[in-house]
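Participant: Take a look at this one; I'll ask things after.
The values are calculated or read from the model by the stated rules, or taken from the named source; none is laboratory data. Keep in mind the model is a prediction, meaning the values are calculated, not measured. Note: ideal-geometry Cβ built from the backbone for every residue, glycine included; neighbour counts use all protein chains shown.
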Amino acid sequence: MRAPGESFPAAAHHELANPQLRANLANATTTIRTKRARVVEELPDWQALRDAGSAIKADVMANLDTYLLEFEAALTAAGATVHWARDGAEACAVVAQVARAHGAQEVVKVKSLATDEIELNRSLAQEGIHALETDFAELILQLDGDWSSHILVPAIHRNRTEIRDLFRRTIAPGIESDEPAVLAEAARLHLRERFLEAKVGVSGANFGVARTGTLCVVESEGNGRMCTTLPPVLVTIIGIEKLVPTLADLEVFLQLLPRSATGERMNPYTSLWTGVSDGDGPQELHVVLLDNGRTRVLADEIGRQALHCIRCSACLNVCPVYSRTGGHAYGSVYPGPIGAILTPQLIGIENAPSLPFASSLCGACYEVCPVKIDIPRVLLHLRARAVDTVGGRGERSAMRAAAWVFARGSRLRAAQRLGRIAQRLLLSGGVIRRLPPPLSAWTRTRDLRPLAPRGFVEERGERE
Amino acid sequence: MSEARDQILARVRGAIAQTPRPAAAPRAYRRADPRGQAELIEQFCERVGDYRAEVQRVRADRVADAIRTAAQRHRAQRLAVAPGLPQRWTAGCGLQLVPDDGLAVRELDTLDGVISGASVAIAETGTIVLSGAPHEGRRLLSLVPDLHICVVEHQQVVGLLPQALERLHGAVSDERRPLTFISGPSATSDIELQRVEGVHGPRRLVVIVTQEPS
Ligand code: SF4
């Protein structure tokens, strides 16, 4: 795991030493990639859906103030209470306050990256409130004080025997078998009672519909349905960028997301709820609109497209860097290519200057992204910004990341792409005000010379 | 808190001040399906099956028989039923039926299964959509018991997801009813990517599709 303050290259080295992680990750990313490709090919209008998804998100960003107000009004009319949170602390305070008002010492929680981002669990713990993770993988990580390595299958770095031993020590003493079905049953039994007891549920949301105030959670296990319907009180935390204008727009994203994420035609459960329904589900609904750096991202015209992300994790699964290092190396809640462009913008590039360099710019992420986020372009843009912002320090961390990506024979595939990258960089020189200095650093990495196209080497040679 | 609201809105406005209004989103994807009902039902059944749910096509007057045999197969005796479930679907099925007239969750948890109808079904994805109508019941009902038997009527099957949402538009925007899209039984692939049916939702899903009257 990445120690606090450790940069991407240092953490990546660390993670590479973990063979279990590497084997599981390689297996996971390959399997999901294959499944995804199969169900995407099946749709004759996949590209049209991507175009629509991308355009809808661009519209949301361009009119975000209008949509936020519309969303707030619709939610209020539907009986919900709307809270606005400038940062994580404000969002956490709302949850704590609601839990306290209902005398709840425990809240049941469905996996949500937004709540991970604001470290809700830790913050609640300080208030004496336990946040119980109910997603199977999150439960495993929580029981072991570990953290996620993949957006979608967060415990993919653990194997069944480890999990059986963990359960034996914690929730299921005496459990013998390490069959996944038996382990899932143990989790089901453990959590069922807690669901029935829970007074307050906490969720994120995949989408919020501005026109109607409808919230949407996409999931597989049913713990999301449990958390959003069983407890009498529900708090939903949603990033301000997660809005879509109308209900009809969901027809695009509910097709794009499951196929890109788990490679299924549709995920087992998708829940939509609009405020409070009489006699069905929570009778008190709080919705927290979370900024926490999002308006900062929005202010960057090129970087803003990172906010279009629907968290499908397709870009992780195709990324040659991610599939070797895993999520921990990124040291952020959002790993992989999306993490490399989103995290530095959310927390300030000066706080994560090496992340935009944790990529080989091969372009695979852009090709699979269901909402067509041009990740390579944003990476280049952020590299330039990193260098401008932190100067020498940025360059050094950039060099280390670049050197790490390209240093060894095992990373040959990534390195072979350098020719294309170089061309793209040189060609797009007019767009990016100047070539980011790390580029010159790359040529100093010995292994690269023979692989790079001749023109590139000559050009560099002249400069050095 | 209104201070936070004002500040977030001001930041948003500042961030997008220079952004030109983008063109309307292109919608070149499919929103209509030319196929006939028989073909849609065929595909729906096949795709529900792909999720390892059980699917059965029966004559509209044979639903009760199908429910009985499905319940027997899963050794389910006591089943909750949605309050507005058509009586003809269960008449003479010989099962112990518990209508949901506000059952406590703990009571529901002791039952062997639940029988509900649906609002719409999507052929291309093998999805059933419930919208909290009386023949479907509240959301808990199709969630807490371990077996869900769901009756889909032939005219409820549409080809594509956009068509399903269109049909449900009024239920959400006018009546604010919750929607639940169900595609197969609850599942997890969290351990070594091996798919396991059922963590929290029903582990077994039986879909009974009525045939077009001939
Ligand atoms: S950036 Fe695109 S591909 Fe990556 S997680 Fe987000 S939506 Fe998916």
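Participant: Can you find even one residue in the stretch B:17-38 that is in a helix (DSSP H, G or I), of a type outside the set (Phe, Trp, Tyr) and touching a residue at least 40 places away in the same chain (Cβ under 8 Å)?
Facilitator: Restricting attention to the stretch B:17-38, the residues satisfying the condition of being in a helix (DSSP H, G or I) are B:37-38.
Then drop every residue that is not of a type outside the set (Phe, Trp, Tyr), which leaves B:37-38.
Adding the requirement that they be touching a residue at least 40 places away in the same chain (Cβ under 8 Å) leaves B:37-38.
Checked the stretch B:17-38: at least one residue is in a helix (DSSP H, G or I), of a type outside the set (Phe, Trp, Tyr) and touching a residue at least 40 places away in the same chain (Cβ under 8 Å).
This table checks each residue for (1) within 12 Å of the ligand (Cβ to nearest atom); (2) in contact (Cβ under 8 Å) with a residue 40 or more places away in the chain.
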position	(1), (2)
A:Leu342	yes, yes
A:Asn351	no, no
A:Ser354	no, yes
A:Phe357	no, yes
A:Ser360	no, yes
A:Ala364	yes, yes
A:Lys372	yes, yes
A:Val378	yes, yes
A:Val387	no, yes
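Participant: Among the residues of the stretch A:231-250, what is the count of those that are under 19 Å from B:Leu143 (Cα atoms) and surrounded by 24 or more Cβ atoms within 10 Å (Cβ to Cβ)? Working first, answer last.
Facilitator: Of the residues in the stretch A:231-250, the ones under 19 Å from B:Leu143 (Cα atoms) are A:231-234.
Add one more test, that the residue is surrounded by 24 or more Cβ atoms within 10 Å (Cβ to Cβ), and what stays is A:231, A:234.
Adding up the residues that qualify gives 2.
Participant: Here's something else I'd like to know. Go through the stretch A:306-321 residue by residue and tally those that are over 14 Å from the mean Cα position of the chain (by Cα) and either within 7 Å of the ligand (Cβ to nearest atom) or assigned to a helix (DSSP H, G or I) (or both).
Facilitator: The number of residues fulfilling the criteria is 1.
Participant: A further question follows. Is it the case that the stretch A:285-299 has a residue that's over 22 Å from A:Leu64 (Cα atoms), in the same structural domain as A:Thr214 (by TED's automatic domain parsing), more than 16 Å from the ligand (Cβ to nearest atom) and not in a helix (DSSP H, G or I)? Can you show your working first?
Facilitator: Step one: of the stretch A:285-299, the residues over 22 Å from A:Leu64 (Cα atoms) are A:285.
When the remaining residues are screened for being in the same structural domain as A:Thr214 (by TED's automatic domain parsing), the result is A:285.
From what is left, the residues that are more than 16 Å from the ligand (Cβ to nearest atom) are A:285.
Now drop any that are not not in a helix (DSSP H, G or I), which leaves A:285.
Scanning the stretch A:285-299, I find at least one residue that is over 22 Å from A:Leu64 (Cα atoms), in the same structural domain as A:Thr214 (by TED's automatic domain parsing), more than 16 Å from the ligand (Cβ to nearest atom) and not in a helix (DSSP H, G or I), so the answer is yes.
Participant: Give just the number: which of (1) in contact with a Leu (Cβ under 7 Å, 6 or more places away or on another chain); (2) of a type in the set (Val, Ile, Thr); (3) more than 10 Å from chain B (Cβ to nearest Cβ) does A:Thr270 not satisfy?
Facilitator: Result: A:Thr270 passes all but (3).
Participant: So A:Leu132 clears everything in (1) away from chain B (no Cβ under 11 Å); (2) in contact (Cβ under 8 Å) with a residue 40 or more places away in the chain; (3) over 23 Å from B:Pro202 (Cβ atoms) except one condition, right? Which one?
Facilitator: Evaluating A:Leu132 over (1) away from chain B (no Cβ under 11 Å); (2) in contact (Cβ under 8 Å) with a residue 40 or more places away in the chain; (3) over 23 Å from B:Pro202 (Cβ atoms) leaves (3) as the failure.
Listed here are the residues, each with its yes/no results for (1) closer than 26 Å to B:Glu3 by Cα; (2) more than 13 Å from chain B (Cβ to nearest Cβ).
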| site | (1), (2) |
| --- | --- |
| A:Arg50 | no, no |
| A:Ser54 | no, no |
| A:Lys57 | no, no |
| A:Tyr67 | yes, no |
| A:Trp84 | yes, no |
| A:Gly103 | no, yes |
| A:Leu120 | yes, yes |
| A:Gly128 | no, yes |
| A:Glu138 | no, no |
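Participant: While we're on this one: I'd like to verify a number: residues in the stretch A:156-184 that are loosely packed, with under 14 Cβ neighbours inside 10 Å, part of a helix (DSSP H, G or I) and charged (D, E, K, R), how many?
Facilitator: First pass over the stretch A:156-184, keeping only residues loosely packed, with under 14 Cβ neighbours inside 10 Å: A:161, A:165, A:169, A:173-174, A:176-177.
Next cut, part of a helix (DSSP H, G or I) only: A:161, A:165, A:169.
Next, only the ones that are charged (D, E, K, R) stay: A:165, A:169.
Residues that pass the stated criteria total 2.
Participant: Residues in the stretch A:107-116: is at least one surrounded by fewer than 19 Cβ atoms within 10 Å (Cβ to Cβ) and touching a Gly at 6+ places or on another chain (Cβ under 8 Å)?
Facilitator: yes
Participant: Scan (1) within 8 Å of another protein chain (Cβ to nearest Cβ); (2) closer than 30 Å to A:Pro231 by Cα for the single condition A:Met61 breaks and write down its number.
Facilitator: (2)
Participant: Let me ask something additional. With the structure loaded, tell me whether B:Ala70 is among the small types (Gly, Ala, Ser) and within 12 Å of chain A (Cβ to nearest Cβ) or whether it fails that test.
Facilitator: Working: among the small types (Gly, Ala, Ser): yes; within 12 Å of chain A (Cβ to nearest Cβ): no.
It is false that B:Ala70 is among the small types (Gly, Ala, Ser) and within 12 Å of chain A (Cβ to nearest Cβ).
Participant: Examine the stretch A:190-209 for a residue that is more than 12 Å from chain B (Cβ to nearest Cβ), among the aliphatic types (A, V, I, L, M) and in a loop (DSSP other than H, G, I, E, B), and state whether such a residue exists.
Facilitator: For the stretch A:190-209, residues more than 12 Å from chain B (Cβ to nearest Cβ), among the aliphatic types (A, V, I, L, M) and in a loop (DSSP other than H, G, I, E, B): present.
Participant: Return yes when B:Ala70 is under 17 Å from the mean Cα position of the chain (by Cα), of a type in the set (Gly, Ala, Ser) and either on the phi < 0 side of the Ramachandran plot or surrounded by fewer than 14 Cβ atoms within 10 Å (Cβ to Cβ) (or both) and no when it is not.
Facilitator: On the way: under 17 Å from the mean Cα position of the chain (by Cα): no; of a type in the set (Gly, Ala, Ser): yes; either on the phi < 0 side of the Ramachandran plot or surrounded by fewer than 14 Cβ atoms within 10 Å (Cβ to Cβ) (or both): yes.
So B:Ala70 does not fit the description; no.
Participant: Is it the case, given these coordinates, that A:Pro282 is more than 13 Å from the ligand (Cβ to nearest atom) and either closer than 17 Å to A:Ile237 by Cβ or more than 8 Å from chain B (Cβ to nearest Cβ) (or both)?
Facilitator: yes
Participant: Output the residues belonging to the stretch A:322-337 that are within 13 Å of the ligand (Cβ to nearest atom) and within 28 Å of A:Leu64 (Cα to Cα).
Facilitator: Result: A:Val333, A:Tyr334, A:Pro335, A:Gly336, A:Pro337.
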